[in-house]
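**Student:** Before I ask anything, here is the structure I am working with.
The values are calculated or read from the model by the stated rules, or taken from the named source; none is laboratory data. Bear in mind that the values here come from a model prediction, so they are computed numbers and not experimental data. Neighbour counts are summed over all protein chains in view; Cβ atoms, including those assigned to glycine, are modelled from backbone coordinates with ideal geometry. Each accessible area value is taken on the protein alone, full model and side chains, heavy atoms only, with ligands, DNA and RNA left out. Shrake-Rupley method; radii C 1.70, N 1.55, O 1.52, S 1.80 Å.
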Protein chains: 2
Amino acid sequence: MTLPATTLQIRSLVSRDGQLTLSLAEEAIAQPAAHEVIVRVEAAPMNPSDLGLLFGAADLRTAKASGTASRPVVTADVPEAALKSMAGRLDQSMQVGNEGAGVVVAAGASPEAQALLGKTVAALGGAMYTQYRTIAAAQCMPLAEGQTPAEGASAFVNPLTALGMVETMRREGHKALVHTAAASNLGQMLNRICLQDGIPLVNIVRKKEQEDILRGLGAKYVCNATSPTFMQDLTDALVATGATLAFDAIGGGKLAGQILTCMEAALNKTATEYSRYGSSTHKQVYIYGGLDRGPTEFTRGFGMTWGMGGWLLFPFLQKIGPEGAAKLKARVAAELKTTFASHYTAELSLVEALDLAQIAVYSRHATGEKALLNPNK
Amino acid sequence: MTLPATTLQIRSLVSRDGQLTLSLAEEAIAQPAAHEVIVRVEAAPMNPSDLGLLFGAADLRTAKASGTASRPVVTADVPEAALKSMAGRLDQSMQVGNEGAGVVVAAGASPEAQALLGKTVAALGGAMYTQYRTIAAAQCMPLAEGQTPAEGASAFVNPLTALGMVETMRREGHKALVHTAAASNLGQMLNRICLQDGIPLVNIVRKKEQEDILRGLGAKYVCNATSPTFMQDLTDALVATGATLAFDAIGGGKLAGQILTCMEAALNKTATEYSRYGSSTHKQVYIYGGLDRGPTEFTRGFGMTWGMGGWLLFPFLQKIGPEGAAKLKARVAAELKTTFASHYTAELSLVEALDLAQIAVYSRHATGEKALLNPNK
């Protein structure tokens, strides 16, 4: 097998004057250093966190196609207000793709790099939306015999995020969880983890089909946020589970505040004494995603003992340290085809990923729909 | 001096069907146990936290007067939505008044109670809106020679809250503070503490007069939230101070989120590398008051490393333990006439406190305006 000299990769650029440009760049494949390998990337998930970097808060209703059939270019306007938060990336051509999987086609001299040669590996390291990625062997996880790149593509972000939620629950002294957008790939993983570990989980979804999916997977508590009885249903589930910690993928709108309100109502149902400041049990919602980019709004009818905040995988992994992270990763490797299985609704080539019709689909962040990029398709 | 048999006190009752009733109740003065004293209360501040219990979220535009001149009664409607959060107090006649000061006119047999006889003391213990309050000697702090009850009335809640903010800042690893409604009694105290301790403080106010008051008191950073350049002014002050912790008395509206947005903008000004998740420095806003009871709203344009939450004095004191609290109280006692001085814009009798015209004034929570209740006026 001969290695090509160059690799094609997706680039995202937001200019200072507010224009997003997506394109395919061809660049030389970096020769691996002793501790590095070259992975031929065959599967990389298009997660919300990737799309955030890819689209740079552009208004995709303004997206226009240009370029050629083999080198498509997409441009779109970035709203003025959003530019401010991206000051650090303006006028820089960004590589995209947190994670992916493929075959190691070249390796540096070190034993750990050589050991991976020919293996199918999953890798976490950014810039994975490329045909060939030169990366440290330490950032790769060999897949088990017979596992495909597609099966290993999402071996890091979603599995570690789901495990991170459970770990956060334990470390912060809660005993049950609430999760929104709960029918997502990540939500289904979390549901499987909680069933295995005996952790009560309250799943919040927005569609009847999503309720059915989760119930079919054995979920005991599923609340539909569009139901007229949602607040009561959620309160009942919170009384039953005692959950005082939620992870919210939505971010915008009223849901995060509604969860706190229902947690407080659930706690007050068992309170023995009135406190003008509300329940003294800490109630927490971590917003880890932004499926709704609109404003977050809440009425503080849940006492004074509450918190809302951002939650992100990488700082969490830093907090628990290499040993803690290694434990989580070992569990993922052992259960990749079961607990941590992902599914995708489309497999796209690099060119297809820059097609306006495809973008219109995969940029929707529809729960249960996820595209898999295959840069070598 | 002979002690009367009964004491008149303010009561607040919210009925299950949504009516607030304020009245004066006459009840027997409890004889002091060995460790207790009886305080003739001559000054008790009407703080926002007291008014929350007093008015029970009633809509004061519906307030009506009844009763007699010496035993006035005020009734008002409590909105249905607010009733839920008060389930624990419905149909109970609540005593009011977190703190106050007065003269010890009787004492139990124990040496610590006897030692307070005849002394002017400040006390924290609830139910202080009464003419005579039987209370544990341990809950009283003797004032220095020559200090009046009015001078000692606010010796606990505001001073300990202001010191608690500074202590929270130190314990959570921040090096400067932001404070809203900063021209309040509490805000002026915080300003004096920060000047003394060399802590950079960014004061946020809403009126030109309030800016002037604070600048007159030596405040270096004062931002007016109604100014068209507010966001820029605040960002500049945050760059200058490095503040990543705010205490917000307002609660409702967009201010809490604007503070986080400006903190992020300030951090990004000195960032050397772009992170799609925003600055990795934790940014925190604690909401400790609810001057604006409306919804809190924010656009999450400040990355993923942020928190918002409730902050309350009593859980904080529990967290730092008796020794920590004693240290803070000793500082208050030593600096009561200077750092922790309060001022009031009206002195009300019990009857006046239930007068609709007075209520219309003191229920406004106007910054810099505060009523002092004198149950023995």
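**Student:** Tell me the trypsin sites (Lys or Arg not before Pro) within segment B:92-188 that lie in a loop according to DSSP and have at most 13 other beta-carbon atoms within 10 Å.
**Tutor:** For trypsin sites (Lys or Arg not before Pro) across segment B:92-188 that sit outside H, G, I, E and B with at most 13 neighbouring Cβ atoms in 10 Å, the list reads B:K175.
**Student:** If you don't mind, another one. Can you compute the FRET efficiency between B:E172 and B:A330 using 1/(1 + (r/R0)^6), with r the Cβ-Cβ distance and R0 = 25 Å? Round to the nearest 0.05.
**Tutor:** About 0.65, to the nearest 0.05.
**Student:** Using a basic spin-label model with each label point 7 Å from the Cα along Cα→Cβ, how many nm lie between A:E80 and A:A34?
**Tutor:** The answer from the label model is 5.6 nm.
**Student:** Net charge within 11 Å of B:S227 by Cβ-Cβ distance, Lys/Arg positive one each and Asp/Glu negative one each, not counting B:S227 itself? Let's see the in-between values first.
**Tutor:** On the way: positive: B:R206, B:K207, B:K208; negative: B:E211, B:D233.
Local charge sum for B:S227: +1.
**Student:** Give the Rg/Rh ratio for the protein assembly as shown, taking Rg as the radius of gyration of the Cα atoms and Rh as the Kirkwood radius, to two decimals.
**Tutor:** Taking Rg over the Kirkwood Rh, I get 1.05.
**Student:** Tell me the GluC sites (Glu not before Pro) within segment A:239-327 that lie in a loop according to DSSP and have at most 11 other beta-carbon atoms within 10 Å.
**Tutor:** A:E273
**Student:** Under 5 Å between amide H atoms, partner at least 5 residues away or on a different chain: which partners does B:A57 have, H built in plane at 1.01 Å?
**Tutor:** none
**Student:** Turning to a different aspect of this structure: Starting from a label point 7 Å past Cα on the Cβ side, list the distances from B:Q196 to the same position in the other copies, nm, shortest first.
**Tutor:** 5.7
**Student:** Counting only heavy atoms of the protein chains, get the accessible area per residue of segment A:1-127 (1.4 Å probe) and round it to a whole Å² value. Provide the component values of the computation, followed by the final result.
**Tutor:** Working: 5350 Å² over 127 residues.
About 42 Å² of surface per residue is accessible.
**Student:** Then there's this: For the protein assembly as shown, which whole percent of the accessible surface, found with a 1.4 angstrom probe, sits on carbon and sulfur atoms?
**Tutor:** For the protein assembly as shown, the apolar C and S fraction of the accessible surface comes to 53 percent.
**Student:** Could you compute the FRET efficiency for A:A144 and A:S110, with r as their C-beta to C-beta distance and R0 at 25 Å, rounded to 0.05?
**Tutor:** E between A:A144 and A:S110, to the nearest 0.05, is 0.60.
**Student:** At a Förster radius of 51 Å, what calculated FRET efficiency corresponds to the Cβ-Cβ distance of A:Y277 and A:E26, to the nearest 0.05?
**Tutor:** For A:Y277 and A:E26, the calculated efficiency is 0.25.
**Student:** Buried by at least 50 Å² relative to the chain on its own: which residues of segment B:248-282 qualify, computing accessible area with a 1.4 Å probe on protein heavy atoms?
**Tutor:** Residues losing area: B:Y274, B:R276, B:Y277.
**Student:** I need the fraction of alpha carbon pairs in segment B:157-315 separated by more than 27 Å, rounded to a whole percent.
**Tutor:** Numbers: 1948 of 12561 pairs.
Percent of Cα pairs beyond 27 Å in segment B:157-315: 16.
**Student:** Could I ask something else about it? For B:Q196 and B:K64, calculate 0.36 nm times their separation in residues minus their Cα-Cα distance, and state this gained length in nm to one decimal.
**Tutor:** Net length gain for the segment: 42.8 nm.
**Student:** In segment A:300-319, what residues drop by 40 Å² or more of accessible area when the other protein chains are put back, versus the chain on its own? Use 1.4 Å, and skip ligands and nucleic acids.
**Tutor:** A:R300, A:M304, A:W306, A:M308, A:G310, A:L312
**Student:** Please build a GNM for chain B, connecting alpha carbons under 10 Å apart, and tell me which residue among B:A107, B:A357, B:A176 fluctuates the most.
**Tutor:** Among B:A107, B:A357, B:A176, the largest GNM mean-square fluctuation belongs to B:A357.
**Student:** Can you list, shortest first in nanometers, how far B:E297 lies from the same residue in the other copies, with each label 7 Å from Cα toward Cβ?
**Tutor:** 0.5
**Student:** Hey, for A:Y277 with labels 7 Å out along Cα-Cβ, what do the inter-copy distances come to in nm, ordered shortest first?
**Tutor:** 3.2
**Student:** If you don't mind, there's one more thing I want to ask. From the alpha carbon gyration tensor of chain B, can you work out the equivalent ellipsoid semi-axes (sqrt of 5 times each eigenvalue) and give them in Å, largest to smallest?
**Tutor:** With the √(5λ) rule applied to chain B, the semi-axes are 38, 25, 18 Å.
**Student:** Express the accessible area of segment B:157-315 per residue in Å², computed with a 1.4 Å probe while the remaining protein chains stay in the model. Mind showing how you got there, number by number?
**Tutor:** Working: 5840 Å² over 159 residues.
In whole numbers, segment B:157-315 has 37 Å² accessible per residue.
**Student:** Which links in B:K220/B:K269; B:K207/B:K370; A:K269/B:K329; A:K207/A:K254 stretch past 24 Å when you go from one Cα to the other?
**Tutor:** Working: B:K220/B:K269 21 Å; B:K207/B:K370 17 Å; A:K269/B:K329 36 Å; A:K207/A:K254 17 Å.
With Cα atoms farther than 24 Å apart: A:K269/B:K329.
**Student:** Using only Cα atoms, what is the ratio of the radius of gyration of segment A:154-208 to 2.2 N^0.38 Å?
**Tutor:** Normalised Cα radius of gyration, segment A:154-208: 1.07.
**Student:** Right, something else. Can you check what the Kirkwood hydrodynamic radius comes to for segment A:260-353, Cα pairs only, in Å to one decimal?
**Tutor:** For segment A:260-353, the Kirkwood estimate is 17.7 Å.
**Student:** Can you work out ³J(HN,Hα) from phi for every residue in segment A:52-64, in order, using Karplus 6.51 cos²θ - 1.76 cosθ + 1.60 and θ = phi - 60°, giving whole Hz and x for Gly and Pro?
**Tutor:** x, 6, 4, 8, x, 6, 5, 7, 6, 5, 9, 5, 10
**Student:** Between B and A, buried accessible area summed over both sides at probe 1.4 Å, in Å² to the nearest 100?
**Tutor:** About 3100 Å² of accessible surface is lost on pairing.
**Student:** May I ask for the net charge around B:L372, where only other residues with Cβ less than 10 Å from the Cβ of B:L372 are counted and Lys, Arg are +1 while Asp, Glu are -1?
**Tutor:** Summing Lys and Arg as +1 and Asp and Glu as -1 gives 0.
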